[in-house]
Amino acid sequence: EARTLYRRAIKTDPDMPLAYLGLGYLYALLPESEPVQEGIAGLDTAVIYESGPWSFSALARFYLRDKQWRNALQSMRSAVAFDTRGRYSGIALQMENLELIVDMNSDATPDGKGLRYKSGAVYEGTLADGRPHGKGKWSRPNGSYYEGDFVQGLPSGHGKLVSERGGVYEGEFLAGMMR
């Protein structure tokens, strides 16, 4: 019912940001099995009016559910940029996690120690089929890094992710993502 009401509100007044925000937030509460395209559209429009860390972070989660890694990363970069008071330290860690995943899904140039990415990041550690596999360390020029286990090119197992802003997550990773 809430979806119908938000859709009606948007149709009635397409310039009303609250309806887009409400539709986006509604999708954030729905089960993972729900399609996310309408939630993406709602929050993508809402962030024009309400450019806050939570809105961009929620939009990134929708992009992640839809496996749109680069769009998710761009949304997290915006979330970090709009966190002017530094109140959401977890957002910077989530952004670093996405930077890592985007690098791991891009082309890399092998060198004597590991791999070099177009982003400037470097991976040093064991490889299998030209991808990080086993123990290794991925480092960015800004000082952020991930050190730990990799499986088929993605962090999986135990690892430590450190953001340039001082945030630290040490624990389990699954298919590239912090758990």
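The values are calculated or read from the model by the stated rules, or taken from the named source; none is laboratory data. Predicted, not measured: the structure shown is a model, and the values here were computed from it. For neighbour counting, all protein chains shown are included, and Cβ atoms are generated from backbone atoms with ideal geometry for every residue, glycine included. For the accessible areas, the whole protein counts, side chains as well, though only heavy atoms, and no ligand, DNA or RNA atoms are used. Shrake-Rupley method; radii C 1.70, N 1.55, O 1.52, S 1.80 Å.
Enter the accessible area per residue of the chain (Å², integer; probe 1.4 Å; all protein chains in place).
Details: 9810 Å² over 179 residues.
On a per-residue basis, 55 Å².
Local charge sum around Tyr123 (other residues, Cβ-Cβ under 10 Å, Lys/Arg +1, Asp/Glu -1)?
Values: positive: Lys113, Arg116, Arg131, Lys137; negative: Asp103, Asp111, Glu124.
Cβ neighbours under 10 Å give a net charge of +1.
Farthest toward the dipole's positive end in the chain, which of Leu21, Gly86, Met177, given Cβ charges of +1 (Lys, Arg) and -1 (Asp, Glu) about the Cα centre?
Gly86
List the pair-distance distribution P(r) of the chain, using every Cα-Cα distance, as the percent of pairs falling in each 5 Å bin from 0 up to the bin containing the longest distance, rounded to whole percents.
1, 9, 16, 17, 17, 13, 10, 7, 5, 3, 1, 0, 0
Arranged from highest to lowest average of other beta-carbon atoms within 10 Å per residue, in what order do the peptides 154-163, 38-47 appear? If you can, show how the numbers build up before the last one.
Numbers: 154-163: 19.3, 38-47: 21.5.
With the highest mean Cβ count within 10 Å placed first, the list reads 38-47, 154-163.
So if I place +1 on the C-beta of Lys and Arg and -1 on the C-beta of Asp and Glu, and nothing else carries charge, what would the dipole magnitude of the stretch 24-179 be about its Cα centre? I want it in debye, nearest 20. Before the final figure, lay out the partial values.
Values: 17 positive and 19 negative charges, 69 e Å.
Rounded to the nearest 20 debye, it is 340 debye.
Using Cα pairs closer than 8 Å and at least 6 residues apart in sequence, work out the relative contact order for the stretch 61-124, in percent.
Values: 48 pairs, mean separation 13.9, N = 64.
With pairs under 8 Å counted, the relative contact order is 22 percent.
For the stretch 116-124, take each phi angle, set θ = phi - 60°, evaluate the Karplus expression 6.51 cos²θ - 1.76 cosθ + 1.60, and give the result in whole Hz per residue in order, putting x for glycine and proline.
3J(HN,Hα) across the stretch 116-124, in whole Hz: 10, 9, 4, 5, x, 6, 10, 10, 10.
How high is the relative contact order of the chain, in percent, counting Cα pairs under 8 Å that sit 6 or more residues apart? Can you show the working numbers first?
Values: 305 pairs, mean separation 20.2, N = 179.
Across the chain, relative contact order equals 11 percent.
Per-residue HN-Hα couplings for the stretch 167-179, Karplus 6.51 cos²θ - 1.76 cosθ + 1.60 at θ = phi - 60°, whole Hz, x for Gly and Pro?
Per-residue couplings from phi come out as x, 9, 10, 10, x, 8, 10, 9, 6, x, 9, 4, 9 Hz.
Would you look at the GNM of the chain, springs on alpha carbons closer than 10 Å, and say which of Tyr49, Tyr145, Tyr123 moves the most?
With Cα springs under 10 Å in the chain, the top fluctuation among Tyr49, Tyr145, Tyr123 is at Tyr49.
Could you check how much of the accessible area of the stretch 1-83 is carbon and sulfur, as a whole percent, using a 1.4 Å probe? Working shown, then result.
Details: 2570 of 4630 Å².
For the stretch 1-83, the apolar C and S fraction of the accessible surface comes to 55 percent.
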